[in-house]
Each structure stands twice: as C-alpha cells, then as structure tokens.
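For reference, the structure discussed in these notes is given below.
No lab work stands behind these numbers, since they all come straight from the coordinates. It should be emphasised that the depicted structure is a prediction, and the values quoted were computed from it without experimental measurement. Virtual Cβ from ideal backbone geometry, glycine too; neighbours counted across all protein chains shown.
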Amino acid sequence: MARARVERSGYDRALAIACLIVLGFTLYCVLPKVVDGTGATGLDFSCFWSAGQMALDGHAATAYDWPRLRQAILHIHPSLNDAPFPVYEVPIPFFYPPFFFFAATLLALLPFPTAFWIWSTIKLLCWGLVVSAIRPRFAVLLLAFAVPAVLYDFIVGQSSLLAASLLGAILLTLDKRPIVSGFLIALLIFKPQYGVLLPLVLIATGRWTVFITASLVIPLFMLLTGLTFGWDTFEGFREAAIFATTQFHLTGTLAWYKLQSVYGVLRFAGFGYGSAIALHVAVAAAAALWMLIIWRRNVSFAVKAASLLVATLLVSPYFAIYDTALLALALIFLMNAPMAEHGSLLSNRSELRIGFGVLVLAGFTYPVALVPVGPFMCATLIAMIWMRCRQPGVKSDLAYG
C-alpha cells in the first residue's frame with residue numbers, strides 16, 4: 001500500500017512537471033501577443049458582446065443580421081477590414097440560440113476589455129472547479145489547463161470551455177442530484193450540440209427525474225427568453241441556423257481545416273458534400289450506438305462519462321479545435337476508471353501519458369499544419385475506453401455528485 005502511494009506521488013509529480021513545461025511554453029508564445037493586442041484577443045467574444053449591445057438597445061433579433069453585426073464588430077476590431085480570409089467578409093457570425101442573450105446582455109453592460117476578462121475568468125474558474133470535482137489532484141488541474149483547447153478558447157473568447165464545464169457538472173450530478181442535473185441540462189441549450197446525446201442516455205438508462213426536470217425547465221427558459229428579448233429572436237435564430245448549415249460551416253466559407261469533425265476531415269481530403277455527409281452520419285450513428293452500449297453495460301461510471309464526451313464530438317459535424325476540451329475532460333474521467341496494470345497492452349499510467357501527449361501534440365500541430373486533428377484525438381480516447389471496457393463490472397472508486 002505504501003509502495004503504491006509512493007508510486008502515485010511520483011507519477012503525479014512527473015505529470016505536474018510535464019504540464020508546467022507545456023504551460024510555460026504556451027505563456028511564452030502567447031502572453032506577449034495578448035498584452036500588445038496583436039493576437040486579436042477576444043475575436044469571437046466580440047460577436048457575443050455586440051449581440052448583447054443590440055439586445056440592450058431593444059433589438060436583439062438584429063444580432064442575427066450579418067451585415068449589421070459586422071459593422072458592430074468592426075468598431076471593436078477595425079483591422080478585420082484588411083483580413084485576407086473570406087470568413088471575415090461577415091466576421092464571426094452569431095449562431096447562438098436566443099437564450100444566450102441573458103449572458104450576452106450582462107457582459108454588454110461592461111466595456112469590451114473588462115467584459116472579456118470577466119468572461120474569461122468565469123470560464124476558467126468553472127473549468128477548474130469541475131476538473132477538481134472529477135479528480136481532486138493538483139497535477140490533474142495543471143493538465144486540464146495545459147491542453148491547447150483551453151488556450152484556443154481563451155484567446156478568441158469562445159464559449160466551449162464553459163459548455164464543457166457545464167457538461168462535466170451534468171455528469172457529476174446525474175445520479176445523486178438528478179434535479180440539479182436536469183436544470184443544468186436546460187442551461188446547456190445555449191450550446192445545443194453538446195447535449196444532443198443526453199436525451200438518449202437518460203431514456204436508455206431510465207433516469208426519468210433528470211429527463212422530466214430538463215423537459216420542464218427548457219420550455220420555461222424559452223418562455224422567459226421570448227418575453228424578455230422578443231419572439232422574433234427565435235425566427236432570427238432559425239434563419240441563422242439555416243445559414244450556418246447551408247452557407248457557412250458545410251460549404252467551404254469556413255476553411256475545411258477548421259472543422260475538426262469527420263465531415264471536416266473528409267471535405268479537407270477532397271470528398272464532395274454528399275459522400276462526406278453520408279460517411280459522417282454513418283460514423284455519428286455508430287458512435288451514438290457505441291456510447292449507448294457502454295452506458296447499458298456494467299462498467300465504471302467514469303468510462304460511461306468518457307464515452308459520452310467523445311461521442312458528442314463525433315456526432316457533430318461542426319466542432320472546432322477549442323471544442324476538444326471535451327476530450328481533456330474525458331481523459332480526466334478515465335483517470336478514475338480502474339484498469340489492471342498487468343494483462344493489458346499498456347499500463348494505466350502509460351496509457352494516460354499517451355492520451356495527454358496526443359491531446360497536446362495534435363493540438364499544437366493544428367495551427368502549424370492547418371489540418372483537422374479532431375478525429376485522431378477522438379480515436380485515441382476511443383482506444384483508451386475500449387481498454388477499460390475489457391474489464392466489465394469494475395466500479396469506480398470515486399463517488400460522483
């Protein structure tokens with residue numbers, strides 16, 4: 001027992017050192033650009049803040065009007081006028097459901113720089129709290145902040161880190177606090193692609209309290225949204241969703257390498273729309289079925305949680321590099337899943353080192369090579385989950401909730 005404790009302490013120390021090296025390298029490369037403003041910090045956040053300004057002016061639905069949103073964003077980032085990329089012809093469109101206006105308007109009450117830093121602080125705090133609740137180790141917390149997805153989310157001011165934290169909290173409260181979990185699922189409607197598999201899990205496993213709570217709270221949130229910001233925001237969102245599907249994400253307006261999905265990889269490789277979307281749907285269906293099978297098996301909850309997080313990314317054709325924070329969360333959940341050190345292809349610790357290494361190396365390769373790396377990351381986590389599932393019936397040592 002004492003020997004195991006010493007080995008674990010040594011492993012935590014080695015992991016912490018590796019993460020500190022990665023964090024140090026990241027800060028060395030990025031911090032100067034953040035300070036002098038050359039890194040376009042908060043570029044994506046500018047669409048949230050501008051949408052909030054429009055809502056405060058009583059015209060929330062105009063946030064879905066691309067030319068008007070463009071003019072608002074150019075006041076914040078005038079250099080976009082000279083950007084060479086076609087995506088910036090309509091910079092950073094606003095695709096979020098109307099419920100997101102509650103957050104956007106609060107942020108828009110503050111000057112843009114202040115709002116950006118408060119938004120970033122809240123995201124990082126939520127991320128740290130959820131990670132600590134899953135695996136309360138300092139080395140694991142360092143790992144959670146060292147993965148490149150956190151850096152990318154911070155720089156542009158995206159919402160993926162907050163949504164990933166919310167999904168992690170949903171999993172943590174799923175069994176012991178089902179009403180809280182259902183309420184959190186309702187909050188996740190601001191990023192609906194993150195919750196697309198949750199209803200399947202709840203129905204397949206009979207978690208009816210969570211399902212009913214979410215089913216009651218979501219319409220209430222939609223009612224409050226309509227009464228507060230106007231019912232025309234829902235029509236604006238519907239048109240934005242159509243635009244996102246037919247003219248932005250799936251047609252090449254957004255560079256293919258930026259789509260980290262199976263669909264993005266296939267389009268990057270030269271496949272046409274029909275074949276790429278058909279193959280993506282096939283992979284998505286297989287991933288959803290695989291995830292449901294795992295949730296029906298007698299395996300550790302940590303393995304089930306990790307399978308949901310990985311499958312969530314495989315199902316969506318839209319996910320970007322900062323969404324791979326879900327894979328970091330899956331890796332941290334897997335740290336709680338017991339696995340024999342003998343009789344396996346790799347030891348538990350070697351496997352986790354490989355997983356962390358893939359997330360870091362592939363994440364930093366992306367902006368240099370300009371290729372989609374998401375499916376490769378997902379495949380690595382799937383292999384790790386498969387190795388855990390070779391030991392059915394093993395229960396996690398961590399009590400969730």
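Report relative contact order for the range 154-262 in percent, whole number only (criteria: Cα-Cα under 8 Å, sequence separation at least 6). Could the numbers behind the result be given before it?
Working: 65 pairs, mean separation 20.5, N = 109.
Averaging sequence separation for qualifying contacts and normalising by length gives 19 percent for the range 154-262.
Taking θ = phi - 60°, what integer Hz values does the Karplus form 6.51 cos²θ - 1.76 cosθ + 1.60 yield along the range 48-57, in sequence order, with x for Gly and Pro?
Values per residue, Gly and Pro as x: 5, 5, 5, 4, x, 4, 5, 5, 5, 7 Hz.
For I179 paired with Q193, estimate the spin-label separation in nm (one decimal), with each label point 7 Å from Cα along the Cα-to-Cβ line.
3.4 nm
At 7 Å along the Cα-to-beta-carbon direction for both I242 and I212, put a label point, then send me their distance in nm to one decimal.
Going by the 7 Å Cα→Cβ label model, 3.8 nm.
Distance check, please: which entries in K176/K304; K258/K304; K191/K258 exceed 21 angstrom between their Cα atoms?
On the way: K176/K304 16 Å; K258/K304 28 Å; K191/K258 18 Å.
Cα-Cα > 21 Å for K258/K304; rest within.
First measure r as the distance between the Cβ atoms of V371 and A14, then evaluate 1/(1 + (r/R0)^6) with R0 = 30 Å and state the FRET efficiency to the nearest 0.05.
On the way: r = 30 Å, r/R0 = 1.00.
E between V371 and A14, to the nearest 0.05, is 0.50.
Tell me, in nm to one decimal, what length is gained between N298 and L129 on full extension, where the rule is 0.36 nm per residue of separation less the Cα-Cα distance? If you can, show how the numbers build up before the last one.
Values: separation 169, 0.36 × 169 = 60.84 nm, distance 2.83 nm.
Full extension of this stretch gives 58.0 nm more.
Would you please name the trypsin sites (Lys or Arg not before Pro) within the range 237-341 that are DSSP coil residues with at most 16 other C-beta atoms within 10 Å of their C-beta?
Details: sites: R238, K258, R267, R296, R297, K304; in loops: R297.
Those that pass, being in a loop and sparsely packed, are R297.
Under the definition of Cα pairs under 8 Å and six or more residues apart, what whole-number percent is the relative contact order of the range 8-389? Spell out each step's value before the answer.
On the way: 507 pairs, mean separation 69.6, N = 382.
Normalised by residue count, the contact order of the range 8-389 is 18 percent.
Efficiency by 1/(1 + (r/R0)^6): what FRET value for C29 and L106, r their Cβ-Cβ distance, R0 = 35 Å, to the nearest 0.05? Kindly include the intermediate steps, with their values, before the conclusion.
Details: r = 32 Å, r/R0 = 0.91.
E(calc), rounded to 0.05, equals 0.65.
Full-extension gain between A204 and T121, please, as 0.36 nm times their residue separation minus the C-alpha to C-alpha distance.
Taking 0.36 nm per residue and subtracting the Cα distance, the gain is 26.2 nm.
Taking the alpha-carbon centroid of each part, what is the distance from the range 169-236 to the range 241-272 in angstrom?
The distance from the Cα centre of the range 169-236 to that of the range 241-272 comes to 28 Å.
Work the Kirkwood hydrodynamic radius out for the range 8-389: mean of 1/r over every pair of different alpha-carbon atoms, inverted, in Å. It would help to have the intermediate numbers written out before the result.
Values: mean 1/r = 0.0464 Å⁻¹.
One over the average 1/r among Cα pairs gives 21.5 Å for the range 8-389.
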